[in-house]
Amino acid sequence: MTSIRPAAILFLTLCVGVSGLALAEAPSDPFSRSPSSPEAEGMDSELLLAMMAMIEEQNARQGSADTIDSVIVIRHGNVVLEAYPNPSYGATSRHHLFSVTKSITSLLIGIALDLGLVGSVTDPILSYFPDVVPLCEVQSKSAITIEHLLTMSAGLEWDEDTLPTSDPRNDFTRLEMSADPIGFVLRKPVVAEPGTLFWYNSGLSEVLSALVAEVSGQTTLAFANEHLLGPLGIEGVRWNRDRAGVYKGGTQLYLTPRDLAKIGILCLNDGVWDGEAIVSSGWLAQSTQTRLRGRPNYFAGRGYAYHWWTLDEYGVYYASGSQGQYLYVFPEMDLVVVFTGTIQRGEISAEKLAREFILPAIVATE
């Protein structure tokens with residue numbers, strides 16, 4: 001039992017916090033007040049403790065390549081679990097989010113639309129980057145819209161899955177090495193009619209980040225700080241740029257788990273934070289609706305929205321990043337869940353933990 005004691009102690013400490021605050025009277029930031037207890041928010045603490053025991057056991061394995069670094073569970077706007085089972089991380093540690101970054105980029109596109117900086121998701125992407133592709137390619141790519149980029153269905157040739165990123169033939173690696181990343185992406189050959197084929201393409205996220213910078217006259221990070229991160233009290237963000245100076249729309253954003261949870265709460269509250277509309281509820285509804293689905297041999301069972309993943313059977317949309325980074329938003333359950341991790345082999349799965357412990361913790365008491 002000694003291996004689970006730190007998580008259990010932390011968890012039980014949280015359980016004695018103040019609960020039952022009315023969301024209408026409380027600030028949006030759940031970390032600005034005392035945590036609640038699972039039972040006060042309609043959850044079973046025993047199941048959550050069992051989950052933490054499993055995490056602690058995995059993390060303690062000799063030479064483990066798979067660790068869960070943080071877990072946050074927020075129900076009815078109140079924190080019921082916040083734990084950092086990997087001692088290398090804590091509440092103030094910024095974690096590499098990998099492709100969770102893509103969902104943040106989606107929010108920025110929505111804000112740019114709300115501000116009138118972008119006309120519509122149906123706008124052709126080349127109308128914003130008219131000189132990026134040769135004239136002879138313009139006609140074949142004129143039908144590619146912002147929406148096609150958001151849904152990973154632009155129909156451009158791309159492969160970041162077949163070869164490891166250590167291989168220079170991997171398109172993601174080639175994107176990282178390119179001095180002209182936006183041109184590299186948009187000059188790729190058209191291999192499918194736009195909107196017909198879901199194909200994961202981090203290059204499209206890079207173009208969306210460049211779009212935010214293009215229409216706002218700011219860097220993507222400056223725009224994010226002014227219109228999204230700053231209003232939520234998220235400071236000191238680290239976000240890496242590509243070789244052309246564009247912030248990477250698909251990866252290499254570093255936030256704390258609490259920062260990520262705040263973004264989840266913003267989404268759960270229809271884009272409102274402390275009474276202020278940060279992003280429109282219309283955009284959130286539009287951008288989190290399943291648009292395309294994976295195929296039997298390619299992301300089977302998963303839906304894709306505007307840079308958000310979906311699992312309609314669980315009523316969830318979520319941001320997902322390599323090595324175990326997740327932000328889950330369950331609107332009907334009034335639930336936000338954050339995991340960060342360093343998972344190399346798949347010996348533990350945040351998705352499985354959510355499915356087998358967190359969701360049953362709600363069902364068991366309602």
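Hey, with R₀ at 41 Å, roughly what FRET efficiency would residue 34 and residue 57 work out to, going by the Cβ-Cβ distance, to 0.05?
FRET efficiency, residue 34 to residue 57: 0.90.
Compute, for the chain, the length of the dipole vector about the Cα centre, with Cβ point charges of +1 (Lys, Arg) and -1 (Asp, Glu) only. Units Debye, rounded to 20.
680
Treating the angle as unsigned and between 0 and 90°, give the value, to the nearest 10°, between the Cα long axis of helix 45-59 and the longest Cα principal axis of the chain.
70
If each residue of separation counts as 0.36 nm, what is the full-extension length gain between residue 140 and residue 272 once their alpha-carbon separation is subtracted?
Answer, rounded to one decimal: 43.5 nm.
With a Förster radius of 51 Å, plug the Cβ-Cβ distance of residue 46 and residue 115 into 1/(1 + (r/R0)^6) and report the FRET value to the nearest 0.05.
The computed FRET efficiency comes out at 0.60.
Assign one of three labels to the chain, namely rounded, prolate or oblate, based on the Cα gyration tensor with a ≥ b ≥ c the square roots of its eigenvalues; rounded applies when a/c is under 1.5, prolate when it is not and a/b is larger than b/c, and oblate otherwise.
prolate
Indicate the gyration tensor shape class of segment 186-298 (rounded, prolate or oblate), computed on the Cα atoms with a ≥ b ≥ c the square roots of the eigenvalues: a/c under 1.5 is rounded; otherwise a/b larger than b/c is prolate and the rest oblate.
oblate
Determine the calculated [θ] at 222 nm for the chain from helices alone, applying -39500 (n - 2.57) to every DSSP H run no shorter than 4 residues and normalising by the residue count; nearest 500 deg cm²/dmol.
Estimated from H runs of four or more residues: -8500 deg cm²/dmol.
Report the label-to-label distance for residue 88 and residue 180 in nanometres (one decimal), using points 7 Å from each Cα along the Cα→Cβ vector.
Taking the two extended label points, one gets 4.0 nm.
What are the ³J(HN,Hα) values, in whole Hz, obtained from phi via the Karplus relation 6.51 cos²θ - 1.76 cosθ + 1.60 with θ = phi - 60°, for each residue of segment 142-155 in sequence order, with x given for Gly and Pro?
Residue by residue, segment 142-155 yields 5, 8, 6, 10, 4, 4, 5, 5, 5, 9, 6, 9, 6, x Hz.
For segment 27-78, which trypsin sites (Lys or Arg not before Pro) are in a loop by DSSP, counting at most 13 other Cβ atoms within 10 Å?
The qualifying sites are 61.
Roughly speaking, what is the stretch gain from residue 222 to residue 332, that is 0.36 nm per residue apart minus the C-alpha to C-alpha distance, in nm to one decimal?
36.3 nm
For segment 258-284, list residues with backbone N below 20 Å from a point placed 7 Å from the Cα of residue 312 toward its Cβ?
So the set is 283-284.
Aspartates and glutamates near residue 188 by alpha-carbon distance under 13 Å, same-chain residues fewer than 8 away left out - which ones?
Within reach: 137, 157, 159, 171, 180.
Assuming R0 = 41 Å, can you tell me the calculated FRET efficiency for the pair residue 235 and residue 356, based on Cβ-Cβ distance, to the nearest 0.05?
Approximately 0.70, to the nearest 0.05.
Once both axes come from the Cα atoms, what is the angle between helix 257-268 and the longest principal axis of the chain, in degrees from 0 to 90, rounded to 10?
Orientation of helix 257-268: about 80 degrees from the principal axis.
Label points 7 Å out from Cα along the Cβ direction at residue 345 and residue 131: separation in nm?
5.3
Loop-only check: which GluC sites (Glu not before Pro) in segment 104-189 are DSSP coil with at most 14 other Cβ within 10 angstrom?
Listed in order of number, the matching sites are 157.
Please identify the GluC sites (Glu not before Pro) of segment 278-353 that satisfy two criteria: DSSP loop assignment and at most 13 other Cβ atoms within 10 Å. Which are they?
The qualifying sites are 347.
Roughly what angle does helix 202-216 make with the longest principal axis of the chain, taking Cα atoms, 0 to 90 degrees, to the nearest 10?
80
What is segment 107-148 by shape, rounded, prolate or oblate, if you read a ≥ b ≥ c off the alpha carbon gyration tensor as root eigenvalues and call it rounded for a/c under 1.5, prolate for a/b larger than b/c, and oblate otherwise?
It comes out prolate by the Cα gyration axes.
Pulled fully out, how much extra length does the chain show between residue 295 and residue 157, if you take 0.36 nm times their separation in residues and subtract their Cα-Cα distance?
Once the chain is fully extended between residue 295 and residue 157, it gains 47.9 nm.
No lab work stands behind these numbers, since they all come straight from the coordinates. Values in this document were obtained by computation on a predicted structure and should not be read as measured data. Positions of Cβ are generated from backbone atoms using ideal geometry, with glycine treated the same way; all protein chains shown enter the neighbour counts.
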